[in-house]
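A.B. asks: Right, I'll just put the structure down here and ask away after.
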Amino acid sequence: MGPRRHGPDGKRKHRKQGRSAKKRKTDNNKRSLPQKQGETKEPFPNEVLDSSSSESEEETVSDYQKLMFSIKTSGASKAEFNNSESGDEEEDEDENDANEAVDTSDEESEEDEDKDMGSSVKMNGKDSTTKLKEEEDDEVMGSDEDEEHYQMKESDPFSIHFENDKEEDFITDLEKRESWKKSNTKVPHVGSAVVMSSLHQSKTNSTDRDLKKQYVKSKLCTQVLETNKKSCNVEQDLGDYPLTGFQENLFRIINSYQDLYLPNRTLSNGEQIRLVYCLHALNHVLKTRSRVIAHNTKLKKRDDDQTDGSDYRDQGLTRPKVLIVLPFREAALRVVQMMTSLLMPKDQKHVIGNKKRFNSEYTELDKSIKKPANKPAEYDEIFAGNIDDHFRIGIGVAKNTLKLYTPFYSSDIILASPLGLRTVIGAEGDKERDYDFLNSIEVLIFDQADIFLMQNWDHITHLMKHLHLQPSDAHGVDFSRVRMWTVNGWSKFYRQTLMFSSVAAPQINAIINRNCYNYAGKVMVSRPDTSGTICQIVLQLPQTYHKVQTSSYASAADDRFEFFIKKILPHQKEALKAQTILFIPSYFDFVRLRNHFVREDLDFSQICEYSSDKNNSRSRSYFFHGNAHFLLYTERAHFFKRFKLRGIRHLVFYELPTFPHYYSELCNMIQDSKDTCTCTTLYTQYDAQKLAEVVGTNRTAIMINSNKTTHMFVTGENT
């Protein structure tokens, strides 16, 4: 299960594909704890594309002409790099031959998994990437196709957002955040939200309830209602509109290409959210493809003496446009199934390339892993299906065709886990690393971001540092078709970021605030007011909250540690405080406290995400029988194992839990409800979000602003 795959010793039971010991060792080294990683910014050939915001458009065009000449003379434009998850000969047939790919189970699945996942970049000459590129360059509208289907209207949010070349001064103000305004709004069926918008951004929100009038592709509109009922278990009568009220208002925000942060993902709305972002991702990719095909048609028909190509800029430096980051293979399976349902009506002929192989690799479970019984419903939902967290797969979208396992540089959509991306991005000094495919991502989606906190958040920050960097190679791009804002290095100001989580956490807020510069603005939905999980505690338990004084968020960890060892620990060491559980959300804090306990020769046992099942059982037994005074218990261990601990008489929350319901879960494990049982919690002024989820919104306002540093509650009396 999860912790087993993240342990420092890197031990992990691998899938049946043959993997050498050397390969396994390499992967396991990638799964260590978060570390500060350096990075290099590899220059583009001749450094022509390193256009700063101070360059004029004429200078950029001049540099572009130099680049074109250098590429033609060196033959670099013909070089193709196959960064494929399939790693070798994955077929990308044209639509006439693609039927042969239906229900094929590739022999490549028996090959080395690291090669299969495309962790290296190799020059293969005119391989499958080149073949697919040539096919799509030659693709034009057929006589039987509706030309209007390929045309973009000026009022289409896609055109408004991506075909709007901004001035340099505007981009400079965006980066300095001088042209932003903040406002509060109420989004029906979604909740209260804070809207950050540019003073000069275009208005694209539509009030029309017809998906077609919201510029959703016709082939997608016909399947939304059926997919919603089948995949999202929507039982209510939706009438003529295929989306629920929640989905409708969510889609309006997303369809306007604004950034969105939604920390209200639940078991009931999770699949509804998945449908909305899958619909948006497919709609975006199909519009991009339509634009390219329409321009191909015009370029085929235009006169030879027409050399002005400024009207045909429709591409980025690399092909992938949508990146969806997911925690487990099961989530990727559901995304592909939902996209298949949206894109391909049952009564029409369609093709899914490598379908059997995908089903085998993303539904097959490790037989040695036993699913634990008697767990909460949210635990069963999180860990349903294949919970392998090391994967990445490229998807190509065409007319009535969904191609799985396409090379990254021939893919429209990439599905990947944080660990899967980290192993291909690599770190400074690695011989085999690649992140060029992240250069032209236009829609970035994080689903179930709260689970990333329990895996390794450093992988997410590492990913954000490698978005939109200068490519190290041309990758066969036609520079005459590259948008000017991409050439200028302004892609991050056009990228849309969607973040979905079940909790609000400072790490997620930091990504939204520091890495999202979308000129269309951002919508940050607020958590609803709550009475707190403290109301879910069933026994009468005195609970004491201590406010730790700290000068900054960066110094909070040190100040909390000093406060604990000087104020809390001396009282907890008394004999009357035997059988105390110390709940620690951060692994770094856990190591720090464990080392202090060892130095002080304190009687304790420990359970963390890296402990073996044997050690966990022994620690639980020692604690239950009173042989250990303290039990150090990490939040990640509770997330992955969800132990029911016995023998608890005293609880100390070293820091408020990331998941607020863990607070009431642990308190309710106390079986002795006598007055001798206690609960102690530490918090700082920077923990307002977490504190509100535990004690309630109203109490939090008092506790944060009060001059008192100690507050006490007794459940059953004043909660």
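The values are calculated or read from the model by the stated rules, or taken from the named source; none is laboratory data. Just so you know, these numbers come straight off a predicted model, no measurement behind them. Backbone-built Cβ (ideal geometry, glycine too); neighbour counts: all protein chains shown. What goes into the accessible areas is simple: the full protein's heavy atoms, side chains included, and nothing from ligands, DNA or RNA. Shrake-Rupley method; radii C 1.70, N 1.55, O 1.52, S 1.80 Å.
A.B. asks: About its Cα centre, what dipole magnitude does segment 429-568 give when the only charges are +1 on Lys and Arg Cβ and -1 on Asp and Glu Cβ, stated in debye to the nearest 20?
C.D. replies: In total the dipole reaches around 460 debye.
A.B. asks: At 7 Å along the Cα-to-beta-carbon direction for both THR363 and VAL194, put a label point, then send me their distance in nm to one decimal.
C.D. replies: Distance between the two pseudo-spin positions: 4.4 nm.
A.B. asks: While we're here: Per residue Cα convex hull volume for segment 342-435, in cubic angstrom?
C.D. replies: 163
A.B. asks: Report, to one decimal in Å, the Kirkwood hydrodynamic radius for segment 532-615 based on all distinct Cα pairs.
C.D. replies: On the way: mean 1/r = 0.0658 Å⁻¹.
15.2 Å is the Kirkwood radius here.
A.B. asks: For segment 514-668, what mean projected area does the convex hull of the alpha carbons give, in nm²?
C.D. replies: 11.9
A.B. asks: Which far-off residues, 5 or more places away or on another chain, put their amide H under 5 Å from the one on ALA398, with H placed in the peptide plane?
C.D. replies: Placed amide hydrogens put LYS403 under 5 Å from ALA398.
A.B. asks: Ok, one more. Going through segment 480-556, which chymotrypsin sites (Phe, Trp or Tyr not before Pro) have at most 11 other Cβ atoms within 10 Å and a DSSP loop state?
C.D. replies: none
A.B. asks: Just the accessible area per residue of segment 592-678, please: how many Å² with a 1.4 Å probe?
C.D. replies: 41
A.B. asks: Next question, about the same structure. Would you mind calculating the gained length between GLU168 and GLU574 on full extension (0.36 nm times residue separation, minus the Cα-Cα distance), in nm to one decimal?
C.D. replies: That pair, GLU168 and GLU574, stretches by 139.6 nm at full extension.
A.B. asks: Cβ neighbours within 10 Å, averaged per peptide: list 697-710, 619-632, 439-452 in order, most packed at the top.
C.D. replies: Packing order, densest peptide first, comes out as 439-452, 619-632, 697-710.
A.B. asks: So what J values fall out for segment 484-490 if you push phi through Karplus, 6.51 cos²θ - 1.76 cosθ + 1.60 with θ = phi - 60°, rounded to Hz, Gly and Pro as x?
C.D. replies: 5, 5, 6, 4, 6, x, 9
A.B. asks: Considering only protein heavy atoms and a 1.4 Å probe, what is the carbon-and-sulfur percentage of the accessible area of segment 589-719?
C.D. replies: After summing per-atom areas, the C and S share lands at 46 percent.
A.B. asks: Okay, next question. For a quick check: with amide H placed at 1.01 Å from N, whose amide H comes under 5 Å from THR318's, ignoring anything fewer than 5 positions away on the same chain?
C.D. replies: Under 5 Å from the amide H of THR318 lie the amide H atoms of SER440, each far enough along the sequence or on another chain.
A.B. asks: Taking every Cα atom in segment 476-574, find the radius of gyration and the maximum pairwise distance Dmax, and write them in Å.
C.D. replies: Considering segment 476-574 through its Cα atoms, Rg and Dmax are 23.1, 75 Å.
A.B. asks: Probe radius 1.4 Å, ligands and nucleic acids ignored: give me the carbon and sulfur share of the accessible area of segment 405-474 as a rounded percent.
C.D. replies: Carbon plus sulfur share of accessible area: 39 percent.
A.B. asks: What do you get for Rg/Rh of segment 381-459 when both radii come from the Cα atoms and Rh is the Kirkwood radius? Each step should come with its number before you reach the end.
C.D. replies: Values: Rg = 14.0 Å, Rh = 14.2 Å.
On the Cα set of segment 381-459, Rg over Rh gives 0.99.
A.B. asks: What pairs from LYS403/LYS522; LYS186/LYS321; LYS166/LYS522; LYS217/LYS346; LYS300/LYS492 go past 22 Å between their alpha carbons?
C.D. replies: LYS403/LYS522; LYS186/LYS321; LYS300/LYS492
A.B. asks: Continuing with this model, one more query. Just for the Cα atoms in segment 242-306, what are the lengths along the principal axes, largest first, rounded to whole Å?
C.D. replies: So the three principal-axis extents are 59, 20, 15 Å.
A.B. asks: For segment 362-498, give the magnitude of the charge dipole about the Cα centre (Cβ charges: +1 Lys/Arg, -1 Asp/Glu; no others), in debye to the nearest 20.
C.D. replies: On the way: 15 positive and 19 negative charges, 55 e Å.
Result for segment 362-498 is approximately 260 debye, rounded to the nearest 20.
A.B. asks: Right, next: Hey, what do the phi angles of segment 184-191 turn into as Karplus ³J(HN,Hα) couplings, whole Hz, using 6.51/-1.76/1.60 and θ = phi - 60°, x for Gly and Pro?
C.D. replies: My calculation for segment 184-191 gives 10, 8, 10, 9, x, 6, 10, x Hz in order.
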